[in-house]
Amino acid sequence: MPTGRRDIQWHPTEDALLVWVEAQDGGNPRTKADNRDSLLALAAPFKGEARVLARMEDRVSGMIGIEGSDDLIAYDYDRDTREIRQTLIDVTGTNPPRQIGIRNSQDAYNNPGSPLLTYSDRGTRVARMTDGKLLLSGLGATPQGYRPFLRRFDLATLATEELWRNAGEQFETVVDVLAEDGSTFVTSYESRSNPGNFRLHQAGTARFLTSFPDPHPELTGIKRELVTYKRADGVDLTATLYLPASYKPGDKLPVVVWAYPMEYSDAATAGQNRDTPWRFTRVGGYSPLFFLTQGYAVLDNAAMPVVGADAETVNDSFIEQVVSSAKAAIDFTVARGFGDGVRVGVGGHSYGAFMTGHLLAHSDLFRAGIARSGAYNRTLTPFGFQSERRVFWDTPETYYRLSPFMAADKIKEPILFIHGQNDSNPGTFPEQSERMFAAVKGTGGMARLVMLPHEDHGYRGRESVLHTLAEMIDWFDLHVKNAAVPAGE
């Protein structure tokens with residue numbers, strides 16, 4: 001972290017006032033400090049000493065101005081506890097900084113929402129204010145799925161008033177508020193059959209403003225369901241299950257498990273539901289949902305939580321936890337009756353590709369894997385990866401163990417590597433896939449490498465997208481769909 005001035009910006013409503021952040025811990029997050037960052041300001045003609053507006057307990061992660069006010073809302077984040085704090089700061093110094101909220105950033109169920117933004121008369125983006133209250137909108141995660149909301153938050157009393165909440169068999173989010181009291185607003189409306197249209201809410205009624213058609217009516221019959229199941233250690237897991245439109249109960253389908261691991265400080269937040277059953281199923285790009293058109297079931301966003309109270313060591317059990325989560329996902333497909341537990345493939349992009357390498361190396365759960373734009377040798381990312389705090393020289397044994405490359409000789413199931421030749425994402429250099437492919441092939445495994453010309457970490461060219469889909473479907477058709485199922489399975 002830089003030790004000097006950073007995040008320098010003009011105050012959004014004050015005349016010629018610069019504000020910025022400076023680290024007070026030498027830029028080292030491991031240093032014990034009660035004041036990790038300070039927020040400072042200096043007015044024109046920018047001479048003399050800057051004023052300290054607030055001394056923040058943790059690292060400042062952002063700030064926002066408020067409509068019609070010289071106050072700022074600053075956010076600071078504790079990377080160990082994952083708590084994010086909101087502080088109201090009076091830049092005139094008349095009132096001392098005041099905490100207006102704190103929560104676990106991973107606790108989706110208790111997310112109060114984010115301020116709706118508007119433009120000040122200077123053209124800057126600021127939080128929208130009405131009668132001394134902020135307008136907030138959020139996804140409103142619940143165990144049953146997202147229920148987006150519109151709220152007013154009183155900065156003086158910290159009281160919250162809910163003005164509207166999505167209900168019924170649709171997914172509706174606030175786009176803009178037209179009346180200062182929040183009584184008139186526009187939403188984006190989706191349902192299982194509606195691809196997304198705008199609705200006007202006014203005087204307790206709602207009417208559509210647009211009528212965009214279904215972009216792919218031939219796929220609208222796809223069955224979508226939010227599902228939950230448990231891992232062997234009792235951690236609740238979630239996923240979104242998709243079944244082909246032609247599926248009939250009792251049919252046994254080949255299954256694609258697509259996932260991206262996430263780290264959590266506790267099991268309760270790890271098991272929270274972060275999706276909705278009422279969203280329109282839009283299939284595009286190189287989405288794994290295209291497998292539905294080929295007779296597969298897809299368990300998308302299958303939860304692969306890595307849970308640990310100590311953020312420094314949570315990755316020490318990464319392999320064991322993702323293997324356990326994968327087994328729970330496969331067991332679920334069998335218990336629900338659409339999977340046979342044998343014809344199952346696994347895939348992921350970026351960190352999901354890293355996960356795929358580990359699952360094939362350290363388990364025999366899957367028939368084949370697809371790894372897109374991944375990193376497999378952690379000694380090539382020696383200063384950390386994802387949420388790993390330790391550097392290679394602190395714990396080389398961890399970096400070694402968490403490198404699928406080091407276990408390439410254990411990957412006996414077929415694995416397809418896809419990578420953009422111009423991947424600019426730190427850590428997922430194209431060489432990662434090239435070397436991993438060579439390691440698997442060189443130790444007797446079955447692998448295929450596809451390098452996409454001119455593509456970055458994600459793929460945009462029409463030719464690249466179509467080629468990626470063809471490679472993925474051909475790979476799983478060959479190694480998953482047509483795999484032999486033992487008698488009685």
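For Val334 and Asn301, what does the FRET efficiency come to when R0 = 25 Å and r is the distance between their Cβ atoms, rounded to the nearest 0.05?
0.80
Structural descriptor for the range 217-481: relative contact order 17 percent, calculated from alpha carbon pairs under 8 angstrom and at least 6 residues apart.
The gain in end-to-end length when the Lys47 to Ser387 segment is fully stretched comes to 118.4 nm, 0.36 nm per residue minus the alpha carbon separation. In a simple Cβ point-charge model (Lys, Arg +1; Asp, Glu -1; nothing else charged), the chain has a dipole of about 880 debye relative to its Cα centre.
Taking packing as the residue-averaged number of other Cβ atoms within 10 angstrom, the listed peptides 419-429, 402-412 run from highest to lowest as 402-412, 419-429. Once the C-beta distance of Ala483 and Ser211 is scaled by a Förster radius of 60 Å, the resulting FRET efficiency is 0.85 to the nearest 0.05.
Annotation for the range 443-479 versus the range 241-307: alpha-carbon center distance of 20 Å.
For helix 351-362, what angle does its Cα long axis make with the longest principal axis of the chain, in degrees from 0 to 90 and rounded to 10? So the inclination is approximately 40 degrees.
Karplus-derived 3J(HN,Hα) values for the range 11-17, using 6.51 cos²θ - 1.76 cosθ + 1.60 with θ = phi - 60°, are 5, x, 10, 7, 7, 6, 10 Hz; glycine and proline are entered as x. Phi angles across the range 203-217 convert, under the Karplus curve 6.51 cos²θ - 1.76 cosθ + 1.60 with θ = phi - 60°, into 3J(HN,Hα) values of 6, x, 10, 9, 9, 6, 9, 9, 9, 5, x, 4, x, 8, x Hz, Gly and Pro given as x.
Classified by the C-alpha gyration tensor, the range 217-481 has an oblate form. Its axis ratio a/c, with a ≥ b ≥ c, is 1.5 or above, and a/b does not exceed b/c.
Once you have a ≥ b ≥ c as the square roots of the Cα gyration tensor eigenvalues for the range 107-213, tell me rounded if a/c is under 1.5, and otherwise prolate or oblate according to whether a/b is larger than b/c.
Taking the square roots of the gyration eigenvalues as a ≥ b ≥ c, the range 107-213 is oblate.
When the charge dipole of the range 265-332 is built from unit charges on Cβ atoms (+1 for Lys and Arg, -1 for Asp and Glu) and taken about the Cα centre, the candidate among Ala309, Val323, Thr276 whose Cα reaches farthest toward its positive end is Thr276. For Rg and Dmax of the Cα atoms in Å, computed directly from the structure shown, the correct entry in (i) 25.1, 83; (ii) 23.8, 81; (iii) 22.3, 69 is (i). Under 5 Å from the amide H of Met129 lie the amide H atoms of Glu67, each residue being 5 or more positions distant or on a separate chain, with H modelled from the backbone and absent for Pro and chain starts. Pairs of Lys residues in the range 217-481, spaced 8 or more positions apart or belonging to different chains, with C-alpha separations under 29 angstrom: 24 in total. Using 0.36 nm per residue and subtracting the Cα-Cα separation, the extra length available between Gln99 and Asp34 on full extension is 21.9 nm. I'd like the FRET efficiency for Leu178 and Thr157, computed as 1/(1 + (r/R0)^6) with the beta carbon distance as r and R0 of 25 Å, rounded to 0.05. According to the calculation, E is roughly 0.45. Relative contact order of the chain, taken over Cα pairs closer than 8 Å and 6 or more residues apart, is 8 percent. Straightening the chain between Glu463 and Ser193 buys 94.3 nm, computed as 0.36 nm per residue apart minus the Cα-Cα spacing. For the range 360-384 versus the range 163-179, the inter-centroid distance based on Cα atoms is 41 Å.
Got a sec? Charge dipole of the chain, +1 on Cβ for Lys and Arg, -1 for Asp and Glu; which of Ala438, Gln24, Ala108 is way out at the positive end? It is Ala438.
Dipole magnitude for the range 107-213: about 200 debye, using +1 per Lys or Arg Cβ and -1 per Asp or Glu Cβ, origin at the Cα centre. Considering the zone a paramagnetic label at Glu169 would reach in this model (a point 7 Å from Cα along the Cα-to-Cβ line), which residues of the range 201-225 have amide N under 16 Å from it? Label zone hits: 220-225. Placing a label point 7 Å from the Cα of Tyr260 along the Cα-to-Cβ direction, the residues of the range 339-360 whose backbone N falls under 15 Å of that point are 347-356.
Sorting check: for 388-398, 126-136, which peptide has the highest mean count of neighbouring beta carbons within 10 Å, and how do the rest follow?
So the order, starting with the most tightly packed, is 126-136, 388-398.
Restricting to Cα pairs below 8 Å that are 6+ residues apart, what does the relative contact order work out to for the range 107-213? Please round to a whole percent. Display every interim value, and only then the final one.
Details: 214 pairs, mean separation 15.7, N = 107.
Once divided by the residue count of the range 107-213, the mean separation gives 15 percent.
If a/c stays under 1.5 just call it rounded; otherwise compare a/b with b/c (prolate if a/b is bigger, oblate if not). Do that for the range 244-322, with a ≥ b ≥ c from the square roots of the Cα gyration tensor eigenvalues.
prolate
Every number in this text was worked out from the coordinates using simple rules, so none of it is lab data. Quick caveat, the model's predicted, so the values are computed rather than measured. So basically every Cβ, Gly included, is an ideal-geometry build from the backbone, and we count neighbours across all protein chains shown.
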